[in-house]
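Here is the structure we will look at.
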Amino acid sequence: MYPNFDQVVAQLDSGRLQSFPGGVYPAGNKDQTSELPIRRVELASILNVPLRQHVGTEATLIVEPGQRVLKGQPLTSSHQPFAVPVHAPTSGEVVGVGHHVTAHPSGLTEQCVSLRPDGYEEWCSLTPLTDYQTLNPAKVVAAICEAGITGMGGAGFPTHIKTSSSKPIEFLVINGVECEPYITADDRLMREYAWQIRQGIDVLQHLVQPKMVLIAIEDNKPQAIEAMQIACQDKANYRVVEVETKYPAGGEKQLIQMLTGREVPRDGLPADIGILMFNVGTCYAVADAIFQGKPLIERVVTLTGGALSQPGNVWAPIGTPVAHLLNLAGYLAEKQSAPQVIMGGPMMGFTLSHADIPVVKITNCLLAPARNELRSSDNERACIRCSACADACPVTLLPQQLFWHAKAREYDKTEEYNLFDCIECGACAFVCPSEIPLVHYYRKAKAEIRLQRDEKIRAEKAKERFEARKARLEREKREREEKHRKAKEARLAASQQAGSDTSDKVAAALARAKAKRAALPDNNPDNSAPPEESVPERKTQVAAAIARAKAKKAAQQASAQETGDTENTAATDNDKQQRVAAAIARAKAKKAAQSQGSPTNNTPQPVSHSDDTTGTDADAERKKRVAAAVARAKAKKESQKLTAGPLAEDSHGTRNPPLGEASSAEDEKKRRIAAAVARAKARKEAQRDEK
Amino acid sequence: MKLTLSSSPHQRTPRDTGQVMRLVIYAMLPGLALQWYFFGWGVIVQAILAVLAAIVTEAAVLTLRGKNIRHAVSDFSAVLTALLLAVSLPPLLPWWMTVIGAVFAIAIVKQVYGGLGYNMFNPAMVAYVMLLISFPAAMTMWMPPQTLAASTVNLGDTLSVIFTGFSNAGYDVTQLRTDWDGVTMATPLDAVKTGLTQGLTYSETLNMPVFSGAFAASLGAGWAWVSLAYAAGGLALLRLRVINWHIPVSMLASVVVVSLLIHLINQDHYASPLFHLFNGSVMLGAFFIATDPVSASTTNKGRLIFGGLIGFWVVIVRTFGGYPDAVAFAVIIMNMAVPLIDYYTRPRTYGHHSHVRSGKGKRP
């Protein structure tokens, strides 16, 4: 059953709304504050504005301690859609940026800007968009984002994201239900600022282009209903709809069900069924932002509960410490058995861990109950399976089965019973005769499941990393082997060419290489180069010569960077130079390795590619390599002629240790470095060739 | 200022488990009173015996289990179990049988399974069946309504019979059950059952004296009024939302439908739906026994199945089985089926299997 637009309208016309299953009827307790006008209160001596006040992430901080800010000046700037900026609630000095406990059930700290008001209330320059109807909607949406507007009903979802929904919208629902007991902030706002809310609705209506606007208000707020009706009477497609007073009628999904008979699909959004919903407070803020250019820097907060001698609704600047507001409302500690403040209503609100916690954009109520005012209990008894919870559940879960499985830590079963569809409204725990804190069990189970999922993902990632590393090592090994094979081929070719080619320079290089080879110990310090196959002696010597030539060149370059005469420097200096050279070589080698593989995923593709290349163009490759080797040899000879200094030093380093003898550690190190440099170069060369 | 923390919701209804149990007990009182009116002091004595035995047993077992006694005894669940057992027992049952029944209900059927909330079976009904099977003679010694009895049994006689086996005048239970004509008074259910075996038709059986004095021809005097009183108490529980309508309605409807079908097959042989409804413990069962939350089904659809099948079994066993009444058997049979019923009757959660395919618009 999915009622279409006309059916929904017919239903609304008939005046008989559907209901949602379950629900409870807690005592309203709204008359403590509902008849008192919203009042302005004096500023707190310090305001702590949390950078993140909503679903999403922190925006980028753009003020610094010591800076004077004006009222409405942004403190952060949005860099991505889920980062909504926050603004200075008043003019004053930024006295610090640091972590502070914020309004979150976990009691965790978040980054806050501490602002000391200067009392001047000096506004920054404001840019209203009164002609919003003629503007590009994107510009209006951007203005809403820059005004820092997030949903003010509960979750604090960024408003501009909702308004830029691309799905066709049939119903724009304005939520003025306010089903939580005690809270009258929206009620008062509608009574006193109906016209401004209407203006905000106009803006949203312009952006969303719905077929109909529904303003839903519980039937226990007749004055708010009347006010909104008057404000909207000139608009044919605006309808004020009275809904049954039943908790949680103000829940997004429940209200949609009541108004339209539709259900938001699991894992879906209201926009998927052609509905968008905004809180009346959000509409007010949108009107402020568009018609005045004012960002969201204050909101209506209901201060209520038996422990307050002067309850009422106040305009609270964002960042005002809770203690300041409670004191203004005449908080009497002696009326409470233990100090307790609930942010939000008695059904879904959470107890604050500290009274310094600042008011944020979603803070609609501060409730300080007197002793025995609320019947909360830690007197948990055995479940008698009465299913009162199931009868109360607005989303038709089986809370009792969820409880059994959550208690037994059978989390897979809780998911089977749709634990994650629980909206944590608290109706089940409200009716439970055994006084079981059901919602608490569900939250715990949800947290555990999320933790397990995270761990699973982490483990999978670790496994991926491990396997990628294994693949990389494997690939590198194969690459080395390939390199050696190619080198071998090159040497072979070179030797053949050497037979026919009578170039003096090559001959000289070969001769020198031979000589050096004879002098050099045969041990290869690197595990990667195993040239002990039965290759002709001369070829290995050629290879060694090439390698040494490269090493020398590298060392030369390194020493050239150093100023002064390197020949006469102390051994430590030499050592340092060599290290520098080695570092450069390593860096190059690493870069080469990176450029070879794809940057993040180390797939073995490049290797196979190189295999192909060598397989097909083996001849050309070989020639190229020979040419390269010759060129390098020439270059080396050239440099040898030109600069005697570094070379001498280098040759000293490489020539020194006799074969297989326990040489001095320093010499050994130098030799290793030289070899590493050579390898790195060769690798790079090979790569360049492959390309 | 450091503040105390607690988990939402911070508000609850004032109704706790103890209050729920007390409400059920209060709702039983009219029926209990009529039982006393029609059948004498026996039911009161049995109730006191059973309640005392149940509370002592509950406390003893909880001590052995290392649990908080006051907490558990104050929830009145043991009292309710004992009362449900007591009103099902013949009023002059020897005291030790009642005590055994109550101890068995609490210690074995309830606490061995883990105490309140964990027992699979209805403790009162299992204890009743245990006694019925163990002491079949004593358990069927029902007294005639005092309006029909030859001798009224006063409190002293009742106590004497229950504790010694004989009244002050030296009569035993069998003698006390005899009416003016020297015929042993059976319950209406017994009468119909034995009448059929003696070759009487159903309508002939209804001419027996036990079927007089009630508000309808086929109803036993006393019994029908007691049933009505329990029905009234049950309606009060419905109104107070202590029980859901699903089980009583489905069970009674099922009794009516099944017995009507059988009655229509052979009206001479099989009892009418009205007879089934107002005799025996159908009303008590529908409102007080089958609705025991612990051992009943917990989903609404499941409750309809649970209650419907209890009604079915009651009529089937009454009509074709060896026992005159069958509420206890039917309830126990269906208790066994509860996990299965619950598993297959889970309700559809909001937003699941919706007609609109869920979009990809999952919030990032």
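Worth a mention:
- Lone unmet requirement of (1) open to solvent by 10 Å² or more (accessible area, probe 1.4 Å); (2) away from chain A (no Cβ under 14 Å); (3) part of a helix (DSSP H, G or I); (4) free of Cβ contacts under 8 Å to residues at least 40 places away in the same chain for B:Gly66: (3)
- Any hit, segment A:221-230, residues being part of a loop (DSSP other than H, G, I, E, B) and of a type in the set (A, V, I, L, M): no
- All positions within segment B:69-91 that are of a type in the set (Val, Ile, Thr) and more than 30 Å from B:Arg177 (Cβ to Cβ): B:Ile69, B:Val73
- Single residue of segment A:418-448 satisfying the filter (of a type in the set (A, V, I, L, M) and closer than 23 Å to B:Gly117 by Cα) that is farthest from the other protein chains (Cβ to nearest Cβ): A:Ala445
- Taking the criterion of being within 14 Å of another protein chain (Cβ to nearest Cβ) and open to solvent by 10 Å² or more (accessible area, probe 1.4 Å), the residues of segment A:67-115 that qualify are A:Gln80, A:Pro81, A:Phe82, A:Val101, A:Ala103, A:His104, A:Pro105, A:Ser106, A:Gly107, A:Leu108.
- Only a single criterion out of (1) open to solvent by 50 Å² or more (accessible area, probe 1.4 Å); (2) modelled with pLDDT of 95 or more is not satisfied by B:His71, namely (2).
- Residues that are over 13 Å from A:Leu214 (Cβ atoms), in a loop (DSSP other than H, G, I, E, B) and in contact with a strand residue (DSSP E or B) (Cβ under 7 Å, 6 or more places away or on another chain), drawn from segment A:242-295: A:Thr245, A:Ala249, A:Gly250, A:Pro295
- Count of segment A:383-417 residues which are away from chain B (no Cβ under 11 Å), farther than 11 Å from A:Tyr441 by Cβ and either open to solvent by less than 30 Å² (accessible area, probe 1.4 Å) or part of a loop (DSSP other than H, G, I, E, B) (or both): 2
- Close contacts from segment A:366-382, counting a first residue that is at the interface with chain B (Cβ under 8 Å from one of its Cβ atoms) and a second that is basic (Lys, Arg), with Cβ to Cβ under 6 Å and a gap of 6+ residues or different chains, come to A:Arg375/B:Arg12.
- Residue match in segment A:306-318 (condition: buried (at least 24 other Cβ atoms within 10 Å of the Cβ), within 14 Å of chain B (Cβ to nearest Cβ) and in a loop (DSSP other than H, G, I, E, B)): yes
- Among the residues making up segment A:5-24, those that are assigned to a loop (DSSP other than H, G, I, E, B) and either surrounded by 12 or more Cβ atoms within 10 Å (Cβ to Cβ) or in the same structural domain as A:Leu397 (by the TED database) (or both) are A:Leu17, A:Gln18, A:Ser19, A:Phe20, A:Pro21, A:Gly22, A:Gly23.
- Residues of segment B:8-48 that are more than 14 Å from chain A (Cβ to nearest Cβ), open to solvent by less than 30 Å² (accessible area, probe 1.4 Å) and of a type outside the set (Phe, Trp, Tyr): B:Ile25, B:Ala27, B:Met28, B:Gly31, B:Leu32, B:Gln35, B:Gly40, B:Gly42, B:Val43, B:Val45, B:Gln46, B:Ala47.
- Every condition in (1) closer than 17 Å to A:Val208 by Cβ; (2) open to solvent by less than 60 Å² (accessible area, probe 1.4 Å) is met by A:Tyr182 except one, and the failing one is (1).
- Pick from segment B:49-60, criterion surrounded by 22 or more Cβ atoms within 10 Å (Cβ to Cβ) and within 20 Å of the chain's Cα centre (by Cα), ranking: nearest to the other protein chains (Cβ to nearest Cβ): B:Ala54
- The set of residues from segment A:139-158 being open to solvent by less than 20 Å² (accessible area, probe 1.4 Å) and within 14 Å of another protein chain (Cβ to nearest Cβ) comprises A:Thr150, A:Gly151, A:Gly156, A:Pro158.
- Boolean, A:Lys253 is within 23 Å of A:Gly426 (Cβ to Cβ) and either in contact with a helix residue (DSSP H, G or I) (Cβ under 9 Å, 6 or more places away or on another chain) or open to solvent by less than 10 Å² (accessible area, probe 1.4 Å) (or both): yes
- Subset of segment A:333-352 [crowded, with 20+ Cβ neighbours inside 10 Å, within 7 Å of another protein chain (Cβ to nearest Cβ) and in a loop (DSSP other than H, G, I, E, B)]: A:Gln340, A:Val341, A:Pro346, A:Met347, A:Met348, A:Gly349, A:Leu352
- For the residues B:Ala138, B:Ala124, B:Ala169, B:Ala149, the requirement of being at pLDDT 90 or above and away from chain A (no Cβ under 14 Å) singles out B:Ala124.
- Any hit, segment B:18-40, residues being closer than 30 Å to A:Gly305 by Cβ and free of Cβ contacts under 8 Å to residues at least 60 places away in the same chain: yes
- Check on A:Lys461, over 26 Å from the mean Cα position of the chain (by Cα) and either open to solvent by 70 Å² or more (accessible area, probe 1.4 Å) or at pLDDT below 90 (or both): no
- Any hit, segment B:337-349, residues being within 24 Å of B:Val242 (Cα to Cα) and buried (at least 24 other Cβ atoms within 10 Å of the Cβ): no
The values are calculated or read from the model by the stated rules, or taken from the named source; none is laboratory data. Every value quoted in this text rests on a predicted model; they were computed, and no experiment measured them. For neighbour counting, all protein chains shown are included, and Cβ atoms are generated from backbone atoms with ideal geometry for every residue, glycine included. Keep in mind that these areas ignore ligands, DNA and RNA; they rest on the heavy atoms of the full protein, side chains included. Shrake-Rupley method; radii C 1.70, N 1.55, O 1.52, S 1.80 Å.
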